[in-house]
1. Using a 7 Å offset from the Cα along the Cα-to-Cβ direction at both residue 276 and residue 59, what is the distance between the two label points in nm, to one decimal?
2. How would you order 27-39, 250-262, 45-57, 309-321 from highest to lowest mean count of nearby Cβ atoms within 10 Å?
3. Report the label-to-label distance for residue 222 and residue 100 in nanometres (one decimal), using points 7 Å from each Cα along the Cα→Cβ vector.
4. For residue 81, what charge total do you get from the other residues with a beta carbon under 14 Å from its beta carbon, if Lys and Arg give +1 and Asp and Glu give -1?
5. Distance from a point 7 Å along Cα→Cβ of residue 260 to each backbone N in the range 43-76: keep the residues under 16 Å and list them by number.
6. Top mean-square fluctuation among 119, 288, 189, Gaussian network model of the chain, C-alpha springs under 10 Å?
7. So how much slack lies between residue 132 and residue 297, counting 0.36 nm per residue of separation and subtracting their Cα-Cα distance, in nm?
8. Percent relative contact order of the range 139-202, based on C-alpha pairs within less than 8 angstrom and at least six residues apart?
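Just so you know, all these numbers are worked out from the coordinates, no wet-lab data involved. Remember, it's a predicted structure, so these values are computed and weren't measured experimentally. Ideal geometry is used to build each Cβ from the backbone, glycine not excepted, and the neighbour counts take in all protein chains shown.
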Amino acid sequence: MTFNNQTEDRDWQSANAADKPPLLVLVGPTAVGKTALSLQIAKAFGCEIISGDSMQVYRGMDIGTAKLPPAEREGIPHHLIDIRDPHEPFSAADFQAACTEAIRDIHGRGRIPFIVGGTGLYVESVCYDFRFQQHGSDEAFRARMQALADERGADALHARLAAVDPASAAKLHPNDVRRIIRALEIYETTGRPLSDLQAQERGDRKSSPYSLALVGLTMDRARLYDRIERRVDQMLEEGLVDEVAGLLSAGVPSDAVAMQALGYKEIAGYLTGLTDYTRAVELLKRDTRHFAKRQLSWFRHMQDLQWVDVDAYPKNSELFKEICAIIAGKFPYDLEYICS
């Protein structure tokens, strides 16, 4: 069922004209089933989808980011996909600015903006209008920290961060050398832990410029991990190795932000001789499981989020109806019409 009636669109605009503009959000860990469900929701509520994935912004990174091909988007506009080349940086602040502009444009067309993704900081920065600050840089310090990691291992670097910023260390995987170095660099240049600065940037998290309907998907951990492993196998079958090889041959640096994404980092290690194929796949599956765990941890602390346990709804129609009820409770919709 689609929601394309122009009269109903105008009625929605009139009903919300004096209130905060609506923003619909669907989050959850990787492989939980957000993409397929988002298409149903978007058609039912007249939405345009905004990708809330930090890596889908990059062109040529399709398989490893589980990017939905245009032919499978069922005519629903998707935003913030393929807007950067892989060698270009793209930060949470960049996402916030681009997403805010997209939301404004979508509202202007009388549609509902619908963020779908799993990058917690990116999504939350838009929902609660975080105030990002410039923290400076110190290239010499970065080089020293990289040398330390090369000489003594990533664990030594992670322990160094834990000593000055335990909150940030707890959120970062010990092998995430790039982000650990950045957190240490911020402490070095500002004298304050990154976690404190992030809390300050978030400001009053109770305040949002939007009328929010936030839905989070979860499922049994063992089942989620099984889905993750099967997704990795499918990506490999679809040509993930060739995709990463193509990026490297095109001159994308192995230390580029884009190449630190799950799948790309591990497969690049195999292609450059740092590990063999079997170990690269093991690392990819392990790192993706760890990533899903961190996603769940982040979203559990996100206020206003209403969780839906996918396992509690054996039929997709029942799951869809439950989510419709949550959204209809936030926005003025006729639930019987939407879910019929």
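1. About 3.9 nm, to one decimal.
2. Details: 27-39: 21.2, 250-262: 17.2, 45-57: 23.6, 309-321: 13.2.
Order by mean packing, descending: 45-57, 27-39, 250-262, 309-321.
3. Here the answer is 4.6 nm between the modelled labels.
4. On the way: positive: 59, 67, 73, 84; negative: 48, 53, 62, 72, 82, 85.
So the surrounding residues net to -2.
5. 54-58
6. The residue that fluctuates most here is 189.
7. Numbers: separation 165, 0.36 × 165 = 59.40 nm, distance 2.20 nm.
Going from the current span to full extension adds 57.2 nm.
8. Values: 58 pairs, mean separation 18.6, N = 64.
Relative contact order of the range 139-202: 29 percent.
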